[in-house]
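S.K.: Once you've had a glance at the structure underneath, I'll fire off some questions.
The values are calculated or read from the model by the stated rules, or taken from the named source; none is laboratory data. Everything numeric here is computed off the predicted structure, so don't read it as measured data. Every residue, glycine among them, receives a Cβ derived from its backbone with ideal geometry; neighbour counts consider all protein chains shown.
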Amino acid sequence: MFKGQNLLELSDEELRKVRGAQIAMVFQEPTTSLNPVLTVKLQLAESLELHRGISRAEGVEEAVRLIKLVGIPDAERRASDYPYQFSGGMQQRIMMAMALACNPDLIIADEPTTSVDVTVQAQLLELIDNLRNQFGTAVILITHNLGIVARYVDRVNVMYAGRLVESGPTDAIYSEPRHPYTLGLIGSVPRLDLPRKRKLYVIDGLPPHLAHLPKGCSFSPRCHFAIEQCFEEKPELEEIGENHYSACWRREEVDLFKREV
């Protein structure tokens, strides 16, 4: 559902009007997302011409403005360069410029900092955050990095085996997790305020094959706190606090598990 509309019910032509113009995407690996035989200004201008109906010259001019916006120096000259002439961090900035080109309502960022070092990662995340505030754009950030989640997002959706298992405000997820998987993820992160010799928590086993999910809760074979009901019945998301939901039969007892994690 997007703005009250079921996207799965749209035709290909209707979806083309949504993609890029209303919902934009920043992919995990910019090297494979950018066309290697086109300059970056032509790649940016192409989207603008298609969705905003402007001329090629206007599109190129706007492309240069967008390149400046995402912090690439000497934008007028670098707009004529090809993707291979940019570093991984700069390529990801170009992807962000492409995502912002049509001023979308929503940007989906899929592991946008995977291919860069920690310093560039921080710069890119600050850039996303600043652009979000500047343009009022909603951002869905897909990541495995719990530090990024704690620093930048307002609300967290924890997924396991393709399904939401917990959802809530960021503060609530970190201070009062209500699903054993969430608890395990948080417990596996190194912390400076705990004894150095303390062992990190380990979630035993492997994720299930998505084509052959267990009968009950998908996490039950790996859960230290599973009971018989967990292996037989699949729990649904239920509200356990203000805008805080958990899909666990023992959601009210998770506090008791913290001492073991």
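Conditions tested, residue by residue: (1) more than 24 Å from the chain's Cα centre (by Cα); (2) farther than 30 Å from ASP154 by Cβ; (3) buried (at least 17 other Cβ atoms within 10 Å of the Cβ).
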site	(1), (2), (3)
PRO177	no, no, yes
GLY187	no, no, yes
PRO190	no, no, no
ARG198	yes, yes, no
ALA247	no, no, yes
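S.K.: Consider only pairs whose beta carbons are under 6 Å apart and that are at least six residues apart or on different chains; among these, list those whose first residue lies in segment 54-70 and is over 27 Å from GLU126 (Cα atoms) and whose second residue is of a type outside the set (Phe, Trp, Tyr) and modelled with pLDDT under 90.
M.R.: If the second residue must be of a type outside the set (Phe, Trp, Tyr) and modelled with pLDDT under 90, the pairs left are ILE54/LEU48.
S.K.: Another one. How about segment 73-121: which of its residues are within 24 Å of HIS51 (Cα to Cα) and free of Cβ contacts under 8 Å to residues at least 24 places away in the same chain?
M.R.: Across segment 73-121, the qualifying residues are ALA75, GLU76.
S.K.: Is one or more of the residues making up segment 164-172 without any contact (Cβ under 8 Å) to a residue 24 or more places away in the chain, within 29 Å of VAL26 (Cα to Cα) and either part of a helix (DSSP H, G or I) or touching a strand residue (DSSP E or B) at 6+ places or on another chain (Cβ under 7 Å) (or both)? Break it down stepwise before answering.
M.R.: Initial filter on segment 164-172 (without any contact (Cβ under 8 Å) to a residue 24 or more places away in the chain): 170-171.
Checking the rest, the ones that are also within 29 Å of VAL26 (Cα to Cα) come to 170-171.
Filter again for either part of a helix (DSSP H, G or I) or touching a strand residue (DSSP E or B) at 6+ places or on another chain (Cβ under 7 Å) (or both), leaving 170-171.
Scanning segment 164-172, I find at least one residue that is without any contact (Cβ under 8 Å) to a residue 24 or more places away in the chain, within 29 Å of VAL26 (Cα to Cα) and either part of a helix (DSSP H, G or I) or touching a strand residue (DSSP E or B) at 6+ places or on another chain (Cβ under 7 Å) (or both), so the answer is yes.
S.K.: Tell me which residues, restricted to segment 184-233, are in a loop (DSSP other than H, G, I, E, B), modelled with pLDDT of 90 or more and hydroxyl-bearing (Ser, Thr, Tyr).
M.R.: SER218
S.K.: Here's another thing I want to ask about it. It is to be established whether one or more residues within segment 239-246 are of a type in the set (A, V, I, L, M, F, W, C), assigned to a loop (DSSP other than H, G, I, E, B) and not assigned by TED's automatic domain parsing to the domain that holds ARG132.
M.R.: No, that holds for no residue.
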